[in-house]
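No value in this document is a laboratory result; all are computed from the given coordinates. Treat the numbers as computed from the prediction; the structure is a model and nothing was measured. Cβ sites come from the backbone with ideal geometry, for glycine too, and all protein chains shown count toward neighbours.
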Amino acid sequence: MKYKLIMVFILITLPFNIFGDSKKALFLYDMFDDESELYINMIRQSFDLINLPYDEVALEVGDVPDFSLYDRVFIYGKVMAFNLKSPIRDWLKTRPSLKGPDIYLLLTANRWFIDKYTRQISELTKENGGIVVDAVSSATKDLSDEEKRGLVSSLFSGFQ
């Protein structure tokens, strides 16, 4: 009887992963500056709200850790000014293996570059073996802070 109870307990709790999940999320972004500060802080708050541990790397200054340590990767990329500069895109062009974790994209740019930028990042992600689970892109010139929060929230609604 004692063994049956232990077995039933294990079978019931197994889906809840009582032994803990060592994997966490990775948050990658171009750089921290005045233009990206609001988005980066909202993304950090979203991770905290859903109690999801994460590491973060600004690609302009840091190296990307081993992807096998993560089951979800959140990439925030933006086109900077009118020059289409993008550390995210430059990093993707180095052909890193993105196999394994689910990829979530949040991409922002002005209205002239957003379609091209979104297409480039999505294609490079797929070419490197990544599976884009969800992507949100927006031209941001006239968005209020509340509308920007909505973009982040829409992506995080499926991120748990």
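A compact table of results
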{"item": "Sequence of S36, S68 once ranked by neighbouring C-beta atoms within 10 Å, starting from the fewest", "result": "S68, S36"}
{"item": "Fewest-first sequence of I75, I40 by Cβ atoms within 10 Å of each Cβ", "result": "I40, I75"}
{"item": "Förster radius 25 Å - calculated FRET efficiency between D55 and S97 (Cβ-Cβ, nearest 0.05)", "result": "0.90"}
{"item": "Least to most buried among E56, E146 (fewest other Cβ within 10 Å first)", "result": "E146, E56"}
{"item": "FRET E, pair D48, S68, Förster distance 35 Å, beta-carbon r, rounded to 0.05", "result": "0.90"}
{"item": "Whole-number D in µm²/s for the range 22-156 (Stokes-Einstein; Kirkwood sum over Cα pairs; 25 °C, 0.890 mPa s)", "result": "165 µm²/s"}
